[in-house]
1. Could you list, ordered by first residue, the pairs with Cβ atoms under 6 Å in which the first is in the range 91-102 and under 15 Å from Trp36 (Cα atoms) and the second is open to solvent by less than 40 Å² (accessible area, probe 1.4 Å) and among the polar types (S, T, N, Q), at least 6 apart or interchain?
2. Just the residues that are open to solvent by 30 Å² or more (accessible area, probe 1.4 Å) and among the hydrophobic types (A, V, I, L, M, F, W, C), please, taken from the range 1-17.
3. Please verify whether Val12 is among the β-branched types (Val, Ile, Thr) and more than 15 Å from the chain's Cα centre (by Cα), treating the condition exactly as stated.
4. So how many residues does the range 58-87 have that are part of a strand (DSSP E or B) and without any contact (Cβ under 8 Å) to a residue 40 or more places away in the chain?
5. On the basis of being in contact with a strand residue (DSSP E or B) (Cβ under 6 Å, 6 or more places away or on another chain), at pLDDT 95 or above and among the acidic types (Asp, Glu), does Asp61 make the cut?
6. For residues that are under 19 Å from Arg98 (Cβ atoms) and not in a loop (DSSP other than H, G, I, E, B), tally how many sit in the range 1-20.
7. Considering only residues that are out of contact with any Lys or Arg (no Cβ under 8 Å at 6 or more places or on another chain) and either in a loop (DSSP other than H, G, I, E, B) or surrounded by fewer than 13 Cβ atoms within 10 Å (Cβ to Cβ) (or both), look in the range 33-57 and name the one that is modelled with the lowest pLDDT.
Amino acid sequence: QVQLVESGGGLVQAGGSLRLSCAASRNIFSLKVMSWYRQAEGKQRELVAGFSSGGDPNYADSVKGRFTISRDNAKNTVYLQMNSLKPEDTAVYYCRVRIGLLDYWGQGTQVTVSS
């Protein structure tokens, strides 16, 4: 079991940057599948970026070249660096961890990009 707490969201102008953090309540060294999702108002939750079981990062086409996922196992934290933000990136961003067959989610952090 794990608790996840996201932070770092806020209001930013188009073209700006934010770094989201997802702090886990336990050591994440053995947690391979860790991801960031987002959900815009009125839309389904979608995968933004994640680490596969093999450890490779993958990204949604809409954020490739702009977002970077990283992890610091010593701090039990996963990050999402978001650059060149666009108004369409506005959403609540969630951290997800898979442990065995179970998924754990954080409470989300709001990102709003103004034009």
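The values are calculated or read from the model by the stated rules, or taken from the named source; none is laboratory data. Since the model is a prediction, treat every value here as computed from it, not as a measurement. Cβ: placed from backbone, ideal geometry, glycine included. Neighbour counts: every protein chain shown. These accessible areas exclude ligands, DNA and RNA; they are computed on the full protein's heavy atoms, side chains included. Shrake-Rupley method; radii C 1.70, N 1.55, O 1.52, S 1.80 Å.
1. Final answer for the pair search is Tyr93/Thr109; Arg96/Ser35.
2. Initial filter on the range 1-17 (open to solvent by 30 Å² or more (accessible area, probe 1.4 Å)): 1, 3, 5, 7-9, 11, 13-15, 17.
Hits for the range 1-17 are Val5, Leu11, Ala14.
3. Values: among the β-branched types (Val, Ile, Thr): yes; more than 15 Å from the chain's Cα centre (by Cα): yes.
Yes; evaluated as a whole, the condition is true for this residue.
4. 7
5. Values: in contact with a strand residue (DSSP E or B) (Cβ under 6 Å, 6 or more places away or on another chain): no; at pLDDT 95 or above: yes; among the acidic types (Asp, Glu): yes.
No, not satisfied.
6. Going through the range 1-20, the residues under 19 Å from Arg98 (Cβ atoms) turn out to be 1-6, 20.
Next cut, not in a loop (DSSP other than H, G, I, E, B) only: 4-6, 20.
Residues meeting the conditions: 4.
7. Ranking the qualifying residues of the range 33-57, first place goes to Asp56.
For every residue, the table says whether it meets (1) open to solvent by 40 Å² or more (accessible area, probe 1.4 Å); (2) at pLDDT below 95; (3) hydrophobic (A, V, I, L, M, F, W, C).
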position: Ala74; (1), (2), (3): yes, yes, yes
position: Met82; (1), (2), (3): no, no, yes
position: Glu88; (1), (2), (3): yes, no, no
position: Ala91; (1), (2), (3): no, no, yes
position: Cys95; (1), (2), (3): no, no, yes
position: Arg98; (1), (2), (3): yes, yes, no
position: Gly106; (1), (2), (3): no, no, no
position: Thr109; (1), (2), (3): no, no, no
